[in-house]
Amino acid sequence: MSDAPLVLPLEDVDPTDPDTLGRVGGKAANLGALVRAGLAVPAGVCLTTAAYRRAVGSALDGLLSGVLGEPDAGALAEKARAAVLAVPIPDEVADAVRATCPDGPVAVRSSATAEDLPDASFAGQQDTFLNVVGDDAVLDAVRRCWASLWTDRAVAYRGAHDIDHAAVALAVVIQSMVDARWAGVLFTADPVTGRRGQAVIDAAPGLGESVVSGSVDPEHLVVDPAGEIVSRRAGAGGTVVRAVAGGGTEAVAHPSGAASLDDADARTLARLGRRVEALFGAPQDIEWALDGEGRAWLTQSRPITTLYPLVPGRPGLRLFLSANVAQGVFRPFTPAGLSAARHLASGVAGLLGAPVDDPEQGPPILSEAGERVFVDLTDVLRSRVGRAGAAGVLGVMEARSAEVIATQLERPELSVTRRSPLPALRRVARIAVRYRIPPAVVAAWIRPARARERAFALVRTAGDALPGRPEAGRVERVERARWMLADRFVRVPPRTAAAPVAGFLALGLAARLLRGRARPGELGTVLRGLPHNVTTEMDLALWDLAVRLRDDPATVAALTATPPAELAGQRSTWPPALATSLVAFLAAHGRRAVAEIDLGLPRWSDDPTHLLGVLANYVRLDDEGRAPDVVFARSAAEAEAMIEALAARAGGLRGRIVAAALHRARDLVGLRELPKYWLVTVLAAARDELAAVGADLASRGRLETGDDVFFLSLSEAREDRDRRELVRERRATYERELRRRHVPRIVLSDGTEPEALGTTDAPADGALTGVPASAGTVTGRVRVITDPQGARLEPGDVLVCPSTDPGWTPLFLTAGGLVMEMGGSNSHGAVVAREYGLPAVVGVRDAVARLTGVAEVRVDGTSGRVEPLAQTTSR
């Protein structure tokens with residue numbers, strides 16, 4: 001590095017050189033690309049990272065290891081800042097700055113090597129100094145830029161993105177100041193709604209610092225792709241920043257509506273933004289300035305990292321539903337999980353009479369973006385029957401998605417083009433006849449116990465037939481997995497559907513007979529403590545296991561004194577009672593997992609960390625009145641009492657029919673979880689086949705480890721090729737997507753998130769509202785949990801989470817209530833909450849963000865209100 005240049009003119013920065021980012025940082029690299037593209041950038045130079053390392057390298061020796069490993073990173077960051085500010089600037093660095101610094105006032109800007117990256121912009125993490133005059137002042141600003149690499153916010157941001165502090169360095173851009181008449185920020189896509197091609201401009205008189213720092217409420221304009229200004233909002237005042245003669249800046253009051261950016265200037269900026277976006281190939285966040293002659297200058301450009309990737313699909317405007325969100329899985333899918341989803345969807349498409357030529361490609365209705373699965377609902381919504389069906393299904397499964405879709409139905413691209421119900425009826429009738437569903441529904445009503453036995457036996461027998469030959473080779477195992485997913489899975493659910501369908505028909509009949517007689521939440525009470533639900537039975541079996549383990553002091557000590565992840569890796573040292581009992585539980589339920597619809601994720605039998613954490617919570621529970629088996633039995637008794645009350649209220653023959661229908665519903669509705677259980681069974685069996693394939697490929701050097709096979713598609717796993725580099729790239733992508741904080745539930749093909757276009761008025765008292773899911777009221781401590789692995793939930797806590805799947809439900813046994821961002825009255829979390837008698841509200845927009853920092857809430861599961869009662873800064 002001794003011959004590395006200390007200073008580079010911006011026009012000499014080569015963005016195509018792989019060493020450029022490490023030499024000049026993200027900001028300077030992007031400015032160099034703009035200059036080379038012929039765009040207007042103020043003249044300037046970049047003091048490279050070689051100068052930073054030469055000046056401060058020795059000063060930071062011994063500190064970096066502390067910053068990386070010390071929990072109090074803030075204190076060590078402060079020491080690093082102090083060390084940098086104290087170092088003298090080497091003579092050769094100072095001489096290089098004096099020789100190359102532009103004449104006149106300059107802007108001195110930080111440019112870190114971990115900055116303006118595709119997935120992390122680091123916007124505002126390092127410092128900028130404006131209107132700096134004189135060599136000494138420039139050198140002082142350089143030193144302060146170097147020190148800003150170690151601000152608390154920069155250190156915290158790098159830590160959140162798993163960026164090695166020791167690998168980061170800082171370059172400094174020194175540019176001529178623009179005598180700005182107007183300045184601000186331009187987004188080439190709407191950062192709120194996600195819509196691509198729409199330029200969003202925030203502008204204020206003077207320097208752009210007032211807009212960036214938030215000291216002024218800027219004028220806000222939106223320019224569409226045709227150059228029309230579709231929205232303009234005047235600023236509401238504040239202070240703007242102006243340059244001061246002789247150096248420095250001052251804040252000047254800016255009254256509301258005092259000035260307005262010209263339409264022509266707005267169009268010029270929008271056109272400029274499109275050129276910049278085309279240059280970088282992605283939507284950009286651009287800082288700009290207009291000088292006194294009306295010329296637009298670019299002072300910075302970086303990717304908009306918060307935008308969700310566009311969902312690919314057929315031409316024209318399309319509407320997509322996030323299958324991940326609908327299933328309560330916010331995390332990305334592994335590549336094997338995505339491949340499995342395509343095979344499963346191909347099987348379903350074949351059942352519906354639309355066979356797919358290549359299951360690896362999946363049906364056209366399925367798309368992927370951000371390593372997540374999306375379903376194209378456009379054609380469904382263009383059908384009168386499809387529109388009604390989507391509204392009905394989503395209304396009970398994911399109510400907020402149904403509400404958002406309803407706001408888009410007036411779009412001409414989604415207008416109804418197929419009005420006849422006959423094609424859909426023929427398709428449904430064909431399936432019903434093929435699987436003899438109508439007579440099976442009648443039989444289930446007449447003899448529910450026999451229908452349950454048949455359904456469970458069918459799933460058990462089909463599951464026993466899934467595993468292939470133990471001596472099978474790689475190709476045979478992959479083909480076996482493909483057969484399970486694309487062919488075998490879809491054959492079972494229609495044969496088990498009759499029982500739960502009969503149960504829901506019985507519930508519907510009772511609801512009709514009770515119209516005007518049942519109060520809100522009462523029918524939901526009937527579904528509490530439902531028997532014959534495989535997920536509930538699993539949860540209660542885990543609780544029973546915990547009760548037995550309480551009597552073994554060695555097991556209690558191991559569970560409560562050792563972190564679950566550490567304990568999971570010490571199976572050989574488990575106390576005998578724990579080892580014997582948990583092995584037996586895993587033999588029955590080990591195919592389950594958190595986010596279990598992703599084939600690529602470990603099952604509990606592979607990694608019991610989550611179960612050990614849940615057991616640790618259970619053995620601490622000493623309130624017998626809150627014991628899950630007691631709560632479940634109490635819920636069942638409440639349900640039976642409600643049936644009697646509703647039947648008596650209806651009276652006479654009507655009352656007897658109501659009682660019979662509701663009892664039949666309790667006999668059969670619990671089987672609604674059976675198709676999901678069958679899906680998990682198939683995924684676990686297919687995973688076993690792929691795990692064997694992975695072990696084979698790893699043994700021959702095609703993969704680093706056997707688990708790497710889950711970062712391949714099924715077709716790729718079938719091939720005998722070295723996939724190690726491909727797996728490394730995909731793991732990096734997967735890890736990056738794990739950090740994504742927002743996944744849209746509904747998104748259009750142009751990137752627009754309809755949910756962001758408008759919001760309903762919140763209650764004046766600050767309460768949150770959602771879908772009533774389980775009747776009752778509870779007041780409890782808030783426990784926000786976004787990942788159930790290792791989560792601690794004290795008895796009576798109100799669980800606040802994005803969504804749930806069966807892997808979450810052991811937490812329900814100790815919760816006092818549930819608040820969930822996703823779901824409807826019949827979604828998984830809502831159903832389980834009702835069965836356990838937990839007051840629950842689902843479909844609460846932004847519940848996690850809005851209740852983080854709230855100590856206590858009142859949850860009214862009858863009205864759908866969540867009322868924050870106390871704030872906290874410690875939870």
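Per residue, the convex hull spanned by the alpha carbons of region 268-327 comes to 120 Å³.
Qualifying trypsin sites (Lys or Arg not before Pro) in region 229-320, where qualification requires a DSSP coil assignment and no more than 12 other C-beta atoms within 10 Å, comprise Arg295. Toward the positive end of the charge dipole of region 436-486, with +1 on the Cβ of Lys and Arg and -1 on the Cβ of Asp and Glu, the farthest Cα among Thr461, Pro438, Ala481 is that of Pro438.
Taking other Cβ atoms within 10 Å as a rough exposure proxy, Ile304, Ile431 sort from fewest to most as Ile431, Ile304.
In this calculation the C-beta distance from Arg700 to Asp487 is compared with R0 = 25 Å, giving a FRET efficiency of 0.30.
Projecting the Cα atoms of Pro531, Val583, Pro494 onto the charge dipole of region 475-590 (Cβ charges, centred on the Cα centre) puts Pro494 farthest toward the positive pole.
Could you compute the longest span of the chain free of GluC sites (Glu not before Pro) located in DSSP loops and having at most 10 other Cβ atoms within 10 Å, not counting the site residues?
472-875
At R0 = 35 Å, how high is the FRET efficiency between Glu644 and Arg792 if r is their beta carbon distance? Nearest 0.05 is fine. So the FRET efficiency works out to roughly 0.35.
For region 179-307, a Kirkwood hydrodynamic radius built from all Cα pairs, placed in the Stokes-Einstein relation at 10 °C and 1.306 mPa s, yields a translational diffusion coefficient of 109 µm²/s. One chain, two ends: Ile446 and Ala565. Fully extended at 0.36 nm per residue, the span grows by 37.9 nm beyond their Cα-Cα distance.
The relative contact order of the chain comes to 12 percent, based on Cα pairs under 8 Å that sit 6 or more residues apart. Evaluating 6.51 cos²θ - 1.76 cosθ + 1.60 at θ = phi - 60° for every residue in region 685-701, the Karplus couplings come out as 5, 5, 4, 4, 5, 5, 4, 5, 4, x, 4, 5, 5, 5, 5, 10, x Hz, glycine and proline recorded as x. Work from the charge dipole of region 671-756 (Cβ charges, +1 for Lys and Arg, -1 for Asp and Glu, about the Cα centre) and give the residue of Leu714, Leu683, Pro754 farthest towards its positive end. Checked the options; the winner is Pro754. Along region 825-834 the Karplus relation, 6.51 cos²θ - 1.76 cosθ + 1.60 evaluated at θ = phi - 60°, assigns HN-Hα couplings of 5, 10, 6, 4, x, 5, 5, 5, 4, 4 Hz to successive residues, with x for each Gly and Pro. With a sphere of radius 13 Å drawn around the Cβ of Val859, what net charge do the other residues whose Cβ falls strictly inside it have (Lys, Arg +1; Asp, Glu -1)? Here the charged neighbours net out to 0. Here region 759-871 is treated as a Stokes sphere of Kirkwood radius computed over C-alpha pairs; at 20 °C and 1.002 mPa s its diffusion coefficient rounds to 161 µm²/s. Close amide H contacts of Ala171 (hydrogens built in the peptide plane, cut-off under 5 Å, sequence separation of 5 or more or a different chain): Ser111, Ala112, Thr113.
Would you mind counting up the charge near Gly38? Only other residues with Cβ under 12 Å from its Cβ, with Lys and Arg at +1 and Asp and Glu at -1.
On the way: positive: Arg36, Arg275; negative: Glu11.
Every neighbour counted, the sum reads +1.
A cut-off of 5 Å between modelled amide H atoms, ignoring neighbours fewer than 5 places along the same chain, links Gln284 with Thr188, Ala189, Ile304.
Taking all Cα pairs closer than 8 Å and separated by 6 or more residues, the relative contact order of region 744-875 comes to 30 percent.
In the chain, helical runs assigned H by DSSP with n ≥ 4 each contribute -39500 (n - 2.57); averaged across all residues and rounded to the nearest 500, the mean residue ellipticity at 222 nm is -13500 deg cm²/dmol. Just how far, in whole angstrom, is region 597-617 from region 275-293 if you go by their alpha carbon centroids? Answer, in whole Å: 48. Ratio of Rg to Rh for the chain: 1.01 [Cα atoms; Kirkwood radius as inverse mean 1/r over pairs]. Taken as Cα centroids, region 782-817 and region 483-513 sit 28 Å apart, rounded to the nearest whole angstrom. Computed from Cα positions, the angle between helix 335-351 and the longest principal axis of the chain comes to roughly 50 degrees.
Once backbone amide H atoms are built at 1.01 Å from N, Thr239 has Val216, Asp217, His254 as its partners under 5 Å, excluding neighbours fewer than 5 places away on the same chain.
Please give the charge dipole size of the chain, origin at the Cα centre, charges +1 on K and R Cβ atoms and -1 on D and E Cβ atoms. Round to the nearest 20 debye. If you can, show how the numbers build up before the last one.
Working: 100 positive and 107 negative charges, 1023 e Å.
Value, rounded to 20: 4920 debye.
Dimensions of region 448-554 based on its C-alpha atoms, expressed as ranges along the principal axes with the largest first, amount to 63, 48, 25 Å. Rounded to whole numbers, the Karplus 3J(HN,Hα) couplings from phi for region 14-23 are 9, x, 7, 6, x, 8, 5, 4, x, 8 Hz, using 6.51 cos²θ - 1.76 cosθ + 1.60 with θ = phi - 60°, and x at Gly and Pro.
Relative contact order for region 179-307: 27 percent, from Cα pairs under 8 Å spaced at least 6 residues apart, divided by residue count.
Where a number appears in this text, it was derived from the coordinates with a stated rule and is not lab data. None of these values were measured; they are calculated from a predicted model. A quick note on method: Cβ atoms are made from the backbone with ideal geometry, for glycine too, and the neighbour counts reach across all protein chains shown.
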